[in-house]
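The values are calculated or read from the model by the stated rules, or taken from the named source; none is laboratory data. The structure displayed is predicted, hence computed values, not measured ones. All Cβ positions, glycine included, derive from the backbone under ideal geometry; neighbour counts span all protein chains shown.
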Amino acid sequence: MRLLAPHTLILAALFTLGACAPASQVPAAKSDTAAESKTVPSKDAALSENERLDAWFDTQYNQTIRAYPQTLTSRGIDERQDEWNDPSRSFRLEQLEKSREALEEMRANFDFEALDDTRQLSYRLFEKNVEDSLARRKWWDHNYTYTQMRGAHSFLPTFLLNQHKIQDVEDAENYLKRLETLDEVLDQHTQQAKAKFEKGIAPPKFVYDFVIESSQNIMAGNPVEADSDELNLLLADFSKKVSRLEIEDDVREALYERAIAAIQNDVAPAYERIIAEMERQKAAASTDDGAWKLPDGGAYYASRLEQMTTTDMSADAIHELGLSEVDRIHAEMREIMKKVEFDGTLQEFFEFTRVDKQFFKPEGAEGRAAYLKEATKFIDDMKLRLPEVFNRIPKAELEVRAVEAFREKAAGKAFYNRPSPDGSRPGIYYANLYRMDAMPVYQMEALAYHEGVPGHHMQLSISQELEGIPAFRKFGRFTAYSEGWGLYSEYLPKEMGLYEDPYSDFGRLAMELWRAARLVVDTGLHEKKWSREKAAQYLITNTPNPESDCWKAIERYIVMPGQATAYKIGMNKILELREGAKEKLGDDFDIRDFHDAILATGPVPLDIMEEQVDAYVAAMQSGSYKPDRL
């Protein structure tokens, strides 16, 4: 799973213009006057319509990104480093209105027919993004504010830990300013959660304990002694970063004292208010699970399916596809059973793989370290094989890490954070090692390919390293594209002769089965009014995943309606397009060029992905295709 942080705070504008921008494309701030001036380049004879549009996209993006301090930090841009993103509704409406005005400006000032194919695609994507953002404004309140999967209560501390660097005293003071104002941001989120609850928009009862526990974990530990062995999470991070600075002891001590005061006087009270509000809501919360319970819930879920899959597939069609795919994968698993000479039913084989100790690393530090080392080895080995099937190789580095202790109980099984475009921060594949019996080694290989290479790290790194397309496309977001690619990246190594151990191949199938079953349970929960228990039991019966894994997954799908359907639908589309290209090109088909057709445009909806593959096939058939070989 790709973690798309930060997300809810930047829905209206940065979803429209992309999630982040490389430092090289964001010039240093000079004057507010320039930012407020007309953004459409004049029709100078020296500028083509393509060049004018490129310059306009750059201006739009550079203006927009400066409204989001956290995004500037994540991109390594040294501006507004002591501020948080504005979470207010008024700010979101302001940014959405700017997006609408930008769309009108683009339509009024650029001749679509005079643009080349690349710019026409950029025009269409910009248009689609704005129109989608405008249409989805009506569902803003339907997103739960605090859940076990996401929310400012966990995201903002994680942001400080992983993205706010301290390289000098000014950086430390900026960190402190963020600590001292964290309460203002969290309080706005808490008020939003309260307002939604009054409208009948709140997660089911089981969610609240997760949010409360995560909040308590963030505040746990010693917040008053910078040299304590059991420091508070945020004080420990600040202390570790400041300890590396070459500064006078009295300066360091003053920084510590200010951090301690911020945690005691600003941060802790804000978390106490979150916990109090969660306790209040929990007492009156419903146990109903699906989106159907929300105001106009059916239309909301339909909108989510369209957004996540970028198709017009109905919930019923997705449900039936899931059932069919589950049956197909079960049949392939029975062939694995024959290879390993297992005598029993498929469900008995599932139980064997759930409990036999050969399939798990031991609990504790040693087992976790071994898991991370082996997962890294799979990725390193795959890197050596990439030129066999790809023309493009990402430049960005990749690290494999365990999910941090404060959020590991609530976090998902695995996820990925993209690298900074300037290379100062690597991509990170997070493996959740909270319970080793939920991370079977037979799935390790497929997980490494999905989150690392050739999966999310490769796709996202290549996307932001692309040249000749505007930044909003490099950092765009289409879940079916990115997660479809991630799941396809689990399958591709099978064709390359990997998964040599039959149990690893079973693990690959288990991962695909998991995504197929998601089609069934997500639509079951949100369209067919299945209970959490019925959905969990479907996974327990039909997949080899541990029971705890099944419950956690269902709890994720409940608070993120529709998101889980994107993986299988995206993968199926990529395979469908690949088979179609093979059939049309015959011996001229080269998988490296096909992968370019998918990756060289940046993220796109599935229908536009099909257009790009069709264009590649047509260029091959006409003899005009020019591959860019390594």
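Do we have V267 as farther than 23 Å from D209 by Cβ and β-branched (V, I, T) here? The answer is no for V267. Looking across segment 450-472 at every residue that is part of a helix (DSSP H, G or I) and hydrophobic (A, V, I, L, M, F, W, C), the one that is farthest from D117 (Cα to Cα) is identified as M458.
Here V604 meets each of (1) assigned to a helix (DSSP H, G or I); (2) surrounded by 20 or more Cβ atoms within 10 Å (Cβ to Cβ); (3) under 23 Å from the mean Cα position of the chain (by Cα); (4) hydrophobic (A, V, I, L, M, F, W, C) with one exception, condition (1).
A residue that is at pLDDT 95 or above and in a loop (DSSP other than H, G, I, E, B) can be found somewhere in segment 205-226.
Scanning segment 514-541 for residues that are under 21 Å from F360 (Cβ atoms) and either at pLDDT below 95 or surrounded by 24 or more Cβ atoms within 10 Å (Cβ to Cβ) (or both) yields a total of 1. For segment 227-260, the set of residues classified as touching a Pro at 6+ places or on another chain (Cβ under 7 Å) and part of a helix (DSSP H, G or I) consists of L233, L234, L235, I260, listed by residue number.
In segment 485-533, what residues are farther than 20 Å from R304 by Cα, among the basic types (K, R) and touching a Pro at 6+ places or on another chain (Cβ under 9 Å)? Within segment 485-533, R508 is the sole residue that qualifies. Across segment 418-429, not a single residue is classified as closer than 29 Å to R66 by Cα, among the basic types (K, R) and in contact with a Ser or Thr (Cβ under 6 Å, 6 or more places away or on another chain).
Among the strands (runs of 3 or more DSSP E) confined to segment 387-449, the ones with at least 1 residues that are at pLDDT below 95 and within 22 Å of L509 (Cβ to Cβ) are located at 414-417.
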